[in-house]
Number of protein chains: 2
Amino acid sequence: MGELSEVPVGVLISGSGTNLQALLDACAEPDSPAKIAVVISNRPGVYGLERAREAGVPTVVAPHRDHPDRRTYDAHLVSTLRAHHVQWVALAGFMRLVTSTLLDAFPQRVLNIHPSLLPAFPGLDAQGQANAYGTTVAGATVHLVDEGMDHGPILAQGVVPAEPGEPVETLKQRILQMEHRLFPMVLRWAVEGRIQTEGRLARIDLPPGQRRWLI
Amino acid sequence: MGELSEVPVGVLISGSGTNLQALLDACAEPDSPAKIAVVISNRPGVYGLERAREAGVPTVVAPHRDHPDRRTYDAHLVSTLRAHHVQWVALAGFMRLVTSTLLDAFPQRVLNIHPSLLPAFPGLDAQGQANAYGTTVAGATVHLVDEGMDHGPILAQGVVPAEPGEPVETLKQRILQMEHRLFPMVLRWAVEGRIQTEGRLARIDLPPGQRRWLI
């Protein structure tokens with residue numbers, strides 16, 4: 001697709017941005033229908049901002065502490081995203097719960113990636129939770145964001161083996177590799193208009209040969 | 001292994017016993033280190049009892065309503081299992097919570113199979129829960145039983161694809177096929193003495209080429 005038909009995507013980060021890097025790399029491919037239009041971090045100085053700059057993508061630092069509450073903060077995010085003509089929003093390690101202020105501005109157009117096979121292990125340190133529980137499979141989930149934590153309609157899941165008692169760091173790395181495969185694949189489905197929802201079920205008009213789970 | 005070294009296993013059922021059938025078939029193999037010594041059903045007339053009889057395995061009907069409480073019932077199960085020299089107990093669709101009366105008699109030697117990737121979707125109708133949630137992977141888990149519901153140390157998990165919005169019956173069948181692969185594999189590890197636990201983590205001395213997850 002040509003420059004004119006690329007769909008602008010905003011990415012929200014809080015940290016080093018390895019998932020952001022996977023999205024930047026995918027969107028740099030000549031046939032990518034998406035382009036990252038802006039990267040917003042709620043924390044200054046994180047390495048993800050540097051990754052965006054190196055890719056020539058505009059960056060914005062938007063500290064949440066500058067705003068009195070979540071809704072006011074989200075209104076600021078919305079205006080920043082709209083200023084960059086964003087159509088889809090990807091949360092890539094963004095460590096803030098979002099409110100309906102953001103979700104209503106981008107209805108069914110906010111994606112999140114979470115390092116577990118949801119609904120198992122929502123919330124913080126999903127990999128540590130899985131490691132402590134002793135599961136023998138683990139993984140990552142890309143879902144549409146709703147107001148519940150790690151709760152919205154599931155778009156795709158990637159499975160990795162887990163070994164009870166292994167160091168949590170090896171499990172984290174294995175899941176992270178899966179995240180880097182999963183998120184660009186689903187973002188592409190999103191910007192290609194392949195996703196429809198019915199209640200909390202998402203239906204996807206999959207490209208030939210693709211499927212909603214990876215291993 | 002010869003007849004004399006076969007490890008007696010007791011299987012508890014409540015219904016048609018398709019997992020029981022998978023265990024009966026596996027234990028009928030000439031190299032099986034396990035033999036099903038008794039099948040106990042808490043419900044009379046279920047087809048699982050017929051499967052056991054057809055395999056030449058002793059059956060016992062032990063209605064839970066004949067006992068005033070869970071512990072008295074479990075004491076009855078323990079004496080029945082002991083009368084058949086049982087060393088391992090497999091719950092194959094046994095729809096009763098067990099108490100420490102049973103668990104203390106067979107410490108870390110009671111196995112259960114559950115039709116989800118635990119800890120997601122414990123309890124009744126796990127497949128229906130997954131289907132309603134809209135996961136894109138589902139599966140089955142074999143675990144050691146503790147006093148929590150579907151909670152003890154995980155031994156192995158099997159993953160199947162799930163399609164949000166598919167009829168729950170197709171998902172059930174897909175998971176059931178996986179259960180039939182998973183349970184005999186893990187029962188064999190158990191009777192071969194390959195399982196050790198440390199807190200809620202189970203470590204398994206796996207046979208060459210085997211692993212704790214199937215797909």
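The ellipsoid that matches the Cα gyration tensor of the protein assembly as shown has semi-axes, each √(5λ) in whole angstrom, of 49, 20, 19, with the longest given first.
If I take R0 = 30 Å and measure r between the Cβ atoms of B:ASP125 and B:ALA62 in this structure, what FRET efficiency does the formula 1/(1 + (r/R0)^6) give, to the nearest 0.05? Kindly include the intermediate steps, with their values, before the conclusion.
On the way: r = 25 Å, r/R0 = 0.82.
Step by step, r from the Cβ atoms, then E = 0.75.
The mean sequence separation of alpha-carbon pairs under 8 Å and at least six residues apart, normalised by the residue count of chain A, gives a relative contact order of 18 percent. A point 7 Å from Cα along Cα→Cβ stands in for A:GLU169, and the other copies hold the same point at 5.2 nm, listed in rising order. Computed extension gain for B:GLU50 through B:MET149, at 0.36 nm per residue and net of the alpha carbon distance, reaches 32.8 nm.
Accessible surface for B:GLU6 stands near 40 Å², nearest 10, in the context of the full protein assembly shown (1.4 Å probe).
May I ask you to find the residues of segment B:131-157 that are shielded by at least 40 Å² of accessible area once the whole protein assembly is considered instead of their isolated chain (probe 1.4 Å)? Buried-area filter returns B:TYR133, B:THR136, B:VAL137, B:ILE154, B:GLN157.
Can you tally the net charge around B:THR59? Count Lys and Arg as +1, Asp and Glu as -1, for every other residue whose Cβ sits under 14 Å from the Cβ of B:THR59. Counting the neighbours of B:THR59, the net charge comes to +1.
Would you work out the Kirkwood radius for chain B? I mean one over the mean of 1/r across all pairs of different Cα atoms, in Å.
In chain B this quantity evaluates to 17.4 Å.
Of all aspartates and glutamates in the structure, those lying under 16 Å Cα to Cα from B:LYS172, and not within fewer than 8 positions of it along the same chain, are B:ASP125, B:GLU163. Buried between A and B is an accessible area of approximately 2500 Å², summed over both sides with a 1.4 Å probe. Taken one residue at a time, the phi angles of segment A:202-211 give Karplus couplings (6.51, -1.76, 1.60, θ = phi - 60°) of 9, 10, 10, 7, 6, x, x, x, 9, 8 Hz. Gly and Pro are set to x. In this assembly of identical copies, the label point of B:THR72 (Cα plus 7 Å along Cα-to-Cβ) is separated from its counterparts by 6.6 nm, sorted shortest first. Legend: translational diffusion of segment A:137-215 by Stokes-Einstein, Rh = Kirkwood radius over C-alpha pairs, 25 °C, 0.890 mPa s; D = 182 µm²/s.
The Rg/Rh ratio for segment B:1-107 is 0.96, where Rg is the radius of gyration of the alpha carbons and Rh is the Kirkwood radius. Measure off, as a whole percent, the carbon and sulfur share of the 1.4 Å-probe accessible area of segment A:113-215, all protein chains present. Carbon and sulfur atoms account for 53 percent of the accessible area of segment A:113-215. Each label point was placed 7 Å from the Cα along the Cα-to-Cβ direction; for A:LYS35 and B:GLN210 their separation is 5.6 nm. B:ASP25 label point (Cα plus 7 Å toward Cβ) to equivalent points in the other copies: 4.3 nm, shortest first.
Comparing Cα centroids, segment B:31-47 and segment A:134-182 end up 37 angstrom apart. Hydropathy first: keep DSSP H helices in chain A averaging at least 0.0 on Kyte-Doolittle, then drop any whose Cα extent along the axis falls short of 15 Å, and list what survives. Helix filter hits for chain A: A:168-191. Summarising the rotation from chain B to chain A, the nearest chain B beta-carbon to the axis and its distance in Å are given as B:ALA120, 2. Normalised per residue, the accessible area of chain B is 42 Å², obtained with a 1.4 Å probe and no contribution from ligands, DNA or RNA. A Förster radius of 56 Å combined with the Cβ-Cβ distance from B:GLU6 to A:GLU169 puts the calculated FRET efficiency at roughly 0.85.
For A:GLU198 and A:LEU97, what is the calculated FRET efficiency with R₀ set at 25 Å and r taken between the beta-carbons, to the nearest 0.05? Efficiency at R0 = 25 Å is approximately 0.50. Normalised by residue count, segment B:62-104 yields a Cα convex hull volume of 74 Å³ per residue.
The values are calculated or read from the model by the stated rules, or taken from the named source; none is laboratory data. Please read these numbers as outputs of a predicted model, since none were measured by experiment. Glycine also receives a Cβ, built like all others from the backbone with ideal geometry; neighbour counts cover every protein chain displayed. Please note that ligands, DNA and RNA were not included when accessible areas were found on the heavy atoms of the full protein model with its side chains. Shrake-Rupley method; radii C 1.70, N 1.55, O 1.52, S 1.80 Å.
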